[in-house]
Amino acid sequence: MATGRGHAWAFPALIAGSSALAFGPLFVRQADVTPLASAFWRLALAAPLLALMAAMSGGAKPKGGRGWGLLAVAGLFFASDIATWHAGIVRTSLANATLFGNVSSFFFAAWGFIAARVWPGRRFLSAVTMAVIGIGLLLGHSAELSPRNLTGDLLSIGAALLYVGYLVIIDRERAQVAPLPALAVATLAGACLLGPLAAAFGQPVLARDWTPLLLLAFGSQVVGQGLIVFAVGHLKPEVSGLGLLTQPVVAAAIGWGWLGERPAPVQAIGALLVLGALVVARWPNRRPVRASAEPLG
């Protein structure tokens, strides 16, 4: 698990990375290849750049077969996550995919308390309550629960659970490995899984317009995941989990500014509640954290 040592830029990096990820669904829908192929290109196009950046950074690399193996497993979790979520994006509404895909934020936060064997404090529970209400107001207005969307909704939930597996491994390994090498290994491993998988299904892999895929690879994988992997190594999982909820807020802003989907007043209130939850979660403690934390069991 992350050591808990802070870094001045960790939380801003988390918010910026989560915001960059919010553009991903838009690029997936604009791509002229299948969802599985777009997931493959997201990783395959980013892998060489990340490997070069990792080599130039001089940061700590995985030690021994165990370190390399765990990061490769993280990559398999991540590849499965984005392949599943990309499939869900085109089978349900964008609001549903965002809503169900972001339940990973709450699961990762819960894992942080379970791993640390402490109960969450009242302030964090207040932040979670604000976030849950805010997400409900923000996306509940647009979400549409119907048999037509059921497959896409289930795929989005499955993707969220796979993403938690990826975050848990990254959180543990970041204590020994620098962010760029960690992300480069995971990205390459994921690409090695998705390439043969896309070919095995006989799906068209080559695009006619590469712009959405290049934006997906650079914006979502290099910038978005790069900032998140950096931040996860310096923040507690409960803070990282709530910080990732920036994504649906930014997605709503994209829908307003890019697609002309003007938010209703109740959605604006929901967005403000989510942002307020982040402020509450990050408000400085006046006493040590563990003074208010009770051990589990």
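A few remarks follow.
- Tally, over the range 269-297, of residues that are in a helix (DSSP H, G or I), modelled with pLDDT under 75 and more than 21 Å from the chain's Cα centre (by Cα): 3
- Boolean, Phe27 is in a helix (DSSP H, G or I) and under 27 Å from Ala252 (Cβ atoms): yes
- The listed residues are Leu194, Leu161, and the only one of them that is among the aliphatic types (A, V, I, L, M), surrounded by fewer than 23 Cβ atoms within 10 Å (Cβ to Cβ) and in a helix (DSSP H, G or I) turns out to be Leu161.
- For Ala186, the stated conditions hold: it is among the small types (Gly, Ala, Ser) and surrounded by 24 or more Cβ atoms within 10 Å (Cβ to Cβ).
- Any chance Val223 is assigned to a helix (DSSP H, G or I) and either of a type outside the set (S, T, N, Q) or surrounded by fewer than 19 Cβ atoms within 10 Å (Cβ to Cβ) (or both): yes
- Residue in the range 7-23 that is surrounded by 22 or more Cβ atoms within 10 Å (Cβ to Cβ), touching a helix residue (DSSP H, G or I) at 6+ places or on another chain (Cβ under 6 Å) and more than 20 Å from Gly226 (Cβ to Cβ) present: no
The values are calculated or read from the model by the stated rules, or taken from the named source; none is laboratory data. Not measured: the values here are computed from a predicted model. Every residue, glycine as well, gets a Cβ built from its backbone with ideal geometry; the counts of neighbours run over all protein chains shown.
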